[in-house]
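Remarks on the structure that follows.
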Amino acid sequence: MEPRMNLWLEVDGHVVLSEWRVALLEAVDETGSISAAAERMNIGYRQAWAKLHECEARLGVQLVETTVGGSGGGGAQLTATGRDYVDRYRRFSAGFQDMVYHRFVEVFGR
């Protein structure tokens, strides 16, 4: 048996950051592409693009910047603000994961 938790942050009752959304942002940063990030996450490009825009609109900041290549393709990377949100979310959620694990051990043992 292992503890699991689902943690997300909201603004006005709407999700802005979650494990899944942060993983999408990290995938964009690692692959340099929204389409490659979508493929890694096993979702369609439109869904990835929509979720990224949703996060940006709700937070009121730009998280991802895109570039257009010479052959019509392009790339994407996180903005400094995007990297900051990812870093802060990771630090925040890691603390909860540790607390949940320790509480689990207290109640259920190892």
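Before moving on, here are some points about what is shown:
- Taking the chain as a Gaussian network of alpha-carbon nodes connected by springs under 10 Å, the highest mean-square fluctuation of the residues Gly32, Gly75, Gly60 belongs to Gly60.
- Ordering Asp84, Asp98, Asp12 by the number of other Cβ atoms within 10 Å of each residue's own Cβ, fewest first, gives Asp12, Asp98, Asp84.
- His14 versus Tyr101: modelled label distance in nm, points set 7 Å from Cα along the beta carbon direction: 3.5
- Degrees between helix 45-59 axis and first principal axis of the chain (Cα, 0 to 90, nearest 10): 70
- Compared with the dominant principal axis of the Cα atoms in the chain, helix 19-31 is inclined by about 40°.
- In degrees, nearest ten, helix 80-108 long axis to first principal axis of the chain (Cα): 20
- Length gained when the stretch Thr66-Phe108 is fully extended (0.36 nm per residue, less Cα-Cα span): 10.4 nm
- Potential extension, Ile43-Arg83 segment - 0.36 nm per residue separation minus Cα distance: 12.2 nm
- What the Cα atoms of the chain give is an Rg and a Dmax of 16.3, 59 Å.
Every read-out reported here was derived from the displayed coordinates using simple, explicitly stated rules and does not represent laboratory data. Please read all numbers here as calculations on a predicted model, not as lab measurements. With ideal geometry, Cβ positions are generated from the backbone for all residues, glycine too; neighbour counts draw on all protein chains shown.
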